[in-house]
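In what follows, a structure is listed as structure tokens, so that the remarks can point back to it.
Since every read-out is calculated from the coordinates, none of them should be taken as a lab result. Nothing here was measured: the structure is a model prediction, and the numbers come from that model. Note that each Cβ is placed from the backbone with ideal geometry, even for glycine, and that neighbours are counted across all protein chains shown.
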Amino acid sequence: MKAYVEYLNMLISLTTNVRDSQSERIEESADIIVNAILNDQNVFFWGPGGHSSIFAEDVLYREGELACIIPIIDSNIALSHGALKEINYFERIPEIAKAIMKANQVSKDDVIVIGSAYGVNPVCIAGALYCKELGAKVIAVTSHAFSDALDNDDTRHEKKLGLYEIADVYINSFSPSDDLVLKKDGFNQKFGSIGTIMQLLTSKALTTTVIEKLIEKSGEAPVWRNALEKDGKEFNEKYMDRMWHCVKAM
């Protein structure tokens, strides 16, 4: 079987798992987010480190996405400012998490959706625990397979917890324990990473559900338009008054 066929088949299979087994958790998470939005509480999206940063980046000023989400994007734990520095060092410093949460003003009764394919690095776990201390609701989009299988204490938080064990609601993205889905005879290393894609697919399932519920409850939903199309930039201006000072990466 061709690699692209096998890879896409695996993606379809994992996506089907999310659709068929996570509906209750998606609905519950969406209800939490909708209630927060309707009560003027902040909703944050955070991808704490490495490629998980894409989780938050993909809702930042994105056409068709909720304009009331506050993505947390911090250059200290983003690949764009040095992949080796981030993965091998900075995401292993738990104290960074508290600084990030304070800088973004996460508060009691806010909601934070934390997306991490692995859900184990010290910044991720420290951030989730701190948000719980603050009284914020924590929703996790992650896969417990990796955190359950990981046996390297150097890359884990001291409490040895997975993100899914901390969250108020956990949505399983079904990323495999090694993030890889393909093998080739005669080659002893697996390949075909899939974790980031599963994170994004699962997050889109969540945000589209939030938008649908907002429309059903209030008749409208704050959704960004494409800033490249005619009048798109002007349309988006109505959301900027609230979001400009909240979103550090805007």
The stretch 71-152: trypsin sites (Lys or Arg not before Pro) in DSSP loop, at most 16 other beta carbons within 10 Å: Lys108
Span from the the stretch 4-77 Cα centroid across to the the stretch 180-228 one, whole angstrom: 6
Lys, Arg +1 and Asp, Glu -1 on Cβ, resulting dipole of the stretch 3-243 about Cα centre, debye, nearest 20: 260
All lysines inside 25 Å of Lys190 as judged from Cα atoms, apart from same-chain residues fewer than 8 positions distant: Lys2, Lys85
Interchain or long-range residues, amide H under 5 Å from Asp74's placed H: none
If the convex hull is drawn through the Cα atoms of the chain, its volume per residue in Å³: 140
Normalised per residue, the volume of the convex hull around the Cα set of the stretch 144-250 (Å³): 204
Of Thr15, Thr202, Thr142, the one that fluctuates the most in a GNM where the chain has Cα springs shorter than 10 Å: Thr15
Residue pairs, from the table Lys183/Lys204; Lys132/Lys230; Lys108/Lys230; Lys160/Lys184; Lys132/Lys217, whose Cα atoms sit over 31 Å apart: Lys132/Lys230; Lys108/Lys230; Lys160/Lys184
Local net charge near Glu86, Cβ-Cβ under 13 Å (Lys/Arg +1, Asp/Glu -1): 0
The chain: calculated mean residue ellipticity at 222 nm from DSSP helix runs of at least 4, using -39500 (n - 2.57): -14000 deg cm²/dmol
Nonlocal amide H pairs with Ala67, under 5 Å, H built at 1.01 Å: Val223, Trp224
The chain - percent relative contact order, Cα under 8 Å, separation 6 or more: 24
Helix runs (DSSP H) in the chain reaching 30 Å along axis by Cα, Kyte-Doolittle at least -1.0: 195-218
